[in-house]
Structure formats: structure tokens, C-alpha cells
Amino acid sequence: MPIRVLPPELINQIAAGEVVERPASVVKELVENSLDAGARRLLVEIEGGGADLVRVTDDGSGISADEMPLAVASHATSKVSTSDDLAAIHTFGFRGEALASIASVSRFRMVSCRHGADAGAEIIVEGGALQGPRPASARPGTTIEVRTLFFNVPARRKFLKTDAAETARVTETLESIALAHPHVAFELRSNGRKLLDLAPTDEPAKRTLDVLGNELEPELLEFEERYPELGGLVVRGFAGRPGIARPTSRAIRIHLNGRPIMDRLVLHAVREAYRGLVDPARTPTVALILELDPREVDVNVHPAKCEVRFRSQQGIHSAVRKSIERALRAANLVPHFVPDAFKAMPAEPVAPRAPLFGSGLAQAPRDFAAAGSDFSAFAALAASTVEAKPAAHAPVDDTTALRAEFPYIQLLSGFVVTEDADGVVIVDQHALHERAMFAMFIERLGAGPLESQRLLVPIVLERSAREVEILAEIEPLLTRLGISARPFGPRSVAVEAVPTLLHSRNADAGAFVGDLLAKAVEHGSLLSLEAALHEVVDMMSCKAAVKAGDSLTAAEIRDLLRMRETIERSTSCPHGRPTSIRIARHELERRFGRS
């Protein structure tokens, strides 16, 4: 087949395949154009899930009649004029192909009027054929109608989902944009029925609750952090408590300079902030807004502009993770539980609670791993990491004295019931001890590289060429983990040494190193270290922790409850399961008629 130049209508249809995936894509492009035009009120109307009609009406600056044909021409735009403009993009659209692509696969109509103009104008485009412009009655602003999407590309139209599914996508798209623009009013109607009505507000918190649901207000933690050294980066938004994590990734909303994105680097940072607080199979609820100097980010790396490239990837990742972690660390994350019924339990005298031990995990001895799974030995090591109590409250072996410090009942050989200032707390002994072991292992790792055990016979792994190549990039990370590995051919890796902690537990070191290489390729070498460290520590802490069914002595329970007060993120085990739940005091009083 000879080489030839494609006709313009076919070029536009090919471009539409990149820009216009479904009706929600049309809504996104048209709404972003309205925002670039300075609109303060937006009405979006759809029919048939948007496949039959998408109409967007705004009160923006409008388009003059002589420029309307250019608006639907390929790569014609008012938003960039030189290559320097691409290095600091302040608008949502800039390529100039969106309207041309949409018009090439729909029956397209635009009506617009400049503010202060005597009359408006309209154009119609069907299958690439332009009609107009011609005079039309119009209010200041622009209205664009997109009818029978993909009417001339039936193969694309067949791949659309049901009307309900496409309507849900449109709603989600508009909500995502509205989150970052609280000063703009948004209304969505589907087949004449109002689905969304967001009034303008100067309070970002109100817009967030309007979108995510006002019932989530007590579950959302607001945060704002500034990083002048990273191009004036501002990280703000709302982090949901672990208890409202969702099963899908749509629970995370990310915006950069007002643009909704689903960037893998930022997503990874959000998930890392919740590591150990949320089950890996679930997704935390987060509304994240990033503000950054446009010169520090390239938004021109994806046709739909949903992915970006940061100049300082490691810095952005660290800033997002730390900002969310600080918000979570400052909150009381013990989940509340309201049982359907309560059974009266024998009353037991409760002595005043003594002051809690201070935190001192940084003083943990370097050989704590020798304690293994012996709880008594570990408890002695844990006790050595906390500050000495006043003599009047010195630990004693008397059970009554221990109960005075931490009133408790052990139930079902796996749970400890105690109290705190907010109510009754039920502790899962295995989950809490696993978290304590995790903290101790992390502390050990912070003191230096893990001890390494050389293997008599190297483990040879068959891996991809990219995974073999990345070995050199992540060598410092492997050294810190106590791993020695080298290329052993174009698609093989020889593992010659592994962490002593991993080897002593008879863990599958080959599988671990293979997973580490895969993560390094997926996330990039800069993001693999923390995930790799947690892989080791998760495994070790789970094996060393006491198990459900182990009967603990009074002294062991005391040490366990002290750990709950002294270790970070004690509300969940490293895998995200809760270590404790609380029955609030006011709920108990209400149920017993004392409120």
C-alpha cells in the first residue's frame, strides 16, 4: 500500500480516539474550556448517558463570530503561542484539538456571544462539514451541543456502556472538576432530572463535603502543608479516616493546579501514607489538591492530560506522603463500635489510672531480634525502651496493682478489654503485638543496614531484561536491605546474600527479591525502598507476634497495653486491620439510661 496523506476528517477521527473516549470525555473538555473562559456558572445537560446529547452552557467570555470557525479547526487555540508557553501552562486546554476532534465524531453546534456584544452567532458541524457562522440569539457566554456521539464511527459507539453507567462517569467527572473550583457553580441534569447542584462557595471544605457527602464530615481530616523549596508546592485537602476506605481507587480525588489527574506517583504517595492503616485491597478516601509553579511540572505527556511529569518526583512524592501522614498521626484513629445490645457485666473496682510511660523506641537494643517469638523476652526489651516511672508507680508483679494501672479483662484467649478516657477499648492481642514488633524492626533498620547472610548456593531468578537492568540503579537500596544480587546473564539474576532476619525465618528469599525487582520497575527506583522495607518488616513482625489463643500473664498484658500508648500507628496492624475498637462512653451511658 503506497504512502499517502490522510484526509482531514480521518485525521480528526483518529485524534478523537485519543481525546474522546466516552461522553464523560466530552464533558471534561467542554467544561475545562468554559473554566478557561472565566465562567462562574456552568450547566451541563445530558441525554442517553451523554451519547445522545451533551450540552454545556456557561457565562464565560464568549467567542466572536469571526473566530468561531477557528475554534473547531485542528490545533487552533488562544492559549499558547510560543514554545516557551508550553513550559508554564496555566490553562486546562492548550493543544487546540479538543473541539475539532469532538465535532468530527458528532453533530456539533456552538452558540456564543461576547459580553457587551449586540448579538451572538452560531456554527454547526456535522461529519466535518462546517456551516456558518450566522447570527443567533444568545446570552453572554457559550453553549455547545454535542448530539449523537460517534454517529459516524459505529464501532466506537458499540463500546459505550449502559446509559446509567455513562451517566455515572459524567457525574464523577463533573464532581472531580468541581472539587478544585469551589467558587464556580455547577449543575448537572440527566434527561431533565437534576443530579448535581453545587452552589459557589469560598469554603473549600464545604465544596468537598457537598461532593463526597456531608455524612463524612466527622471522618475527614483537613490538612494543609507548604513546601517553598519545591516550587512553592502547597499540599492541602482532606484525608479520610481508615474506617471509610473504599473497595475502588475512585475514592481518591487528586487535583494539580485545578486539573483532575490520576498520576501514578501521587497515587503511590497517598497509599504509602496509609500503609499499615488500610487493608491493601481497599483504597483510602482522600481529596487532594496540589498547587505548584507550572514550570515545575509537564502536563503535556498524555492526550487526556490525566497524567503529568514532575521535575522533582521524589520531592513531590515525599511531600504528599508526609502531609497526609501528619494529619493521620494527629488524629485519634481508634474506630468506634456500637453493638446492637449490651449485656451487664460484673462491676470491678477501677483504681485511678497512673501516668503512661513515655515513648523511647529509639533506644531499642540492636539485638532485639534475638527475642524471637518469646513474649517475655520481647516484653523485657520493650520495657527497656520506655522511660522509668516514678518510684510510687514502680512495676510490681501483683495482679491487683497491674489492674490499677491498666484495668483489663482477657476474653476468648485473644482479646483484652480495657478502658481509656473516651470509653471501653477491645484490643486484639495479636494485631497489637504485631504492630509493636513492626515498630521495633523499623527502629532497627533506622540504625543502619540489616545484617546480611551469604548463601552457600546463590539463588538464580529468571527475570525480565528491564528488571536485570534496574539492579544497578537500586544497588544502594539492596545494600541497605542486606541483599547482594548481580546480573547472571541477559535475563537472570543471582541472589548471593539475603537479610539474616529473612533467612532465619526460612522465608522465600528468591520470591521476595523477585517482588522487589518488579516493584522497582513499576514504581521507579526512587519509590521502591520504602515498599521493600515494609515487605520484610511486615513478614517478620507477623511471625514474631503472639497469636490469638495464647494465654498471657498479667505482666505481659501490662506490657502489651503500654505498647499501645508508646508506638506510632498503634490503632492498626501493619496490614491495615484494626488493633482495637472503642465503645464510646456516651454510648454506654445512653444504653443504660444514664444520659
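The values are calculated or read from the model by the stated rules, or taken from the named source; none is laboratory data. Keep in mind that what you see is a predicted model, and the values were worked out from it rather than measured. Every residue, glycine as well, gets a Cβ built from its backbone with ideal geometry; the counts of neighbours run over all protein chains shown. These area figures cover heavy atoms from the full protein model, side chains too; ligands, DNA and RNA do not enter into them. Shrake-Rupley method; radii C 1.70, N 1.55, O 1.52, S 1.80 Å.
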Cβ-Cβ under 8 Å, sequence separation 6+ or interchain: first residue in region 547-562 and within 23 Å of Asp420 (Cα to Cα) and part of a helix (DSSP H, G or I), partner at pLDDT 70 or above and open to solvent by 30 Å² or more (accessible area, probe 1.4 Å). Which pairs? Ile557/Gln410
One residue is enough: does region 262-272 have a residue meeting the conditions crowded, with 20+ Cβ neighbours inside 10 Å, within 24 Å of Ala439 (Cβ to Cβ) and of a type in the set (Gly, Ala, Ser)? yes
Please state which of the following conditions Thr162 fails to meet, knowing it meets all the rest: (1) out of contact with any strand residue (DSSP E or B) (no Cβ under 6 Å at 6 or more places or on another chain); (2) surrounded by fewer than 19 Cβ atoms within 10 Å (Cβ to Cβ); (3) within 30 Å of Pro7 (Cβ to Cβ). (3)
Can you report the number of residues in region 56-97 which are outside any strand (DSSP E or B) and at pLDDT 80 or above? 15
From the options Val495, Val468, Val460, residue that is among the β-branched types (Val, Ile, Thr), in contact (Cβ under 8 Å) with a residue 24 or more places away in the chain and open to solvent by 20 Å² or more (accessible area, probe 1.4 Å): Val460
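Tell me, yes or no, whether region 193-202 has at least one residue that is aliphatic (A, V, I, L, M), under 29 Å from Asp279 (Cβ atoms) and touching a Ser or Thr at 6+ places or on another chain (Cβ under 8 Å).
Keep residues of region 193-202 that are aliphatic (A, V, I, L, M), which gives 195-196, 198-199.
When the remaining residues are screened for being under 29 Å from Asp279 (Cβ atoms), the result is none.
Within region 193-202, none of the residues are aliphatic (A, V, I, L, M), under 29 Å from Asp279 (Cβ atoms) and touching a Ser or Thr at 6+ places or on another chain (Cβ under 8 Å).
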Expected output for region 402-425 (first residue at pLDDT 80 or above, partner among the acidic types (Asp, Glu), Cβ below 7 Å, 6+ apart or cross-chain) is Phe415/Asp428; Val425/Glu419
The lone condition Val211 fails out of (1) surrounded by 17 or more Cβ atoms within 10 Å (Cβ to Cβ); (2) among the β-branched types (Val, Ile, Thr); (3) within 19 Å of Ile102 (Cβ to Cβ) is (3)
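Looking at the structure I just gave you, is Leu477 open to solvent by 30 Å² or more (accessible area, probe 1.4 Å) and either of a type outside the set (A, V, I, L, M, F, W, C) or in contact with a helix residue (DSSP H, G or I) (Cβ under 7 Å, 6 or more places away or on another chain) (or both)?
Values: open to solvent by 30 Å² or more (accessible area, probe 1.4 Å): yes; either of a type outside the set (A, V, I, L, M, F, W, C) or in contact with a helix residue (DSSP H, G or I) (Cβ under 7 Å, 6 or more places away or on another chain) (or both): yes.
Judged against the criteria, Leu477 is a match.
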Counting only residues that are open to solvent by 30 Å² or more (accessible area, probe 1.4 Å) and among the small types (Gly, Ala, Ser), region 239-255 contains a total of 2
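Collect the residues in region 99-137 that are part of a loop (DSSP other than H, G, I, E, B), of a type in the set (S, T, N, Q) and surrounded by 14 or more Cβ atoms within 10 Å (Cβ to Cβ), keeping them in residue-number order. Give the steps one after another, and end with the answer.
Taking region 99-137 first, the residues part of a loop (DSSP other than H, G, I, E, B) are 105-106, 114-119, 127-128, 137.
Keeping just the survivors that are of a type in the set (S, T, N, Q) gives 106, 137.
Passing the criteria: only Ser106.
Among the residues of region 252-277, count how many are outside any loop (DSSP other than H, G, I, E, B), basic (Lys, Arg) and within 30 Å of Ile567 (Cα to Cα).
We begin by selecting, within region 252-277, every residue outside any loop (DSSP other than H, G, I, E, B); these are 252-256, 259-261, 264-273.
From what's left, basic (Lys, Arg): 253, 259, 264, 271.
Then drop every residue that is not within 30 Å of Ile567 (Cα to Cα), which leaves 271.
Residues in region 252-277 being outside any loop (DSSP other than H, G, I, E, B), basic (Lys, Arg) and within 30 Å of Ile567 (Cα to Cα): 1 in total.
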If we keep just the residues of region 214-232 that are under 18 Å from the mean Cα position of the chain (by Cα) and farther than 14 Å from Ile324 by Cβ, which is modelled with the lowest pLDDT? Leu216
Where the second residue is buried (at least 16 other Cβ atoms within 10 Å of the Cβ) and of a type in the set (S, T, N, Q) and the first is more than 26 Å from Leu42 (Cβ to Cβ) and lies in region 142-159, which pairs have Cβ atoms under 8 Å and are six or more apart or on separate chains? Asn152/Gln13; Val153/Gln13
Filtering region 551-578 down to residues that are open to solvent by 60 Å² or more (accessible area, probe 1.4 Å) and either touching a Gly at 6+ places or on another chain (Cβ under 9 Å) or not basic (Lys, Arg) (or both) yields Ser551, Thr553, Glu565, Glu568, His575, Pro578
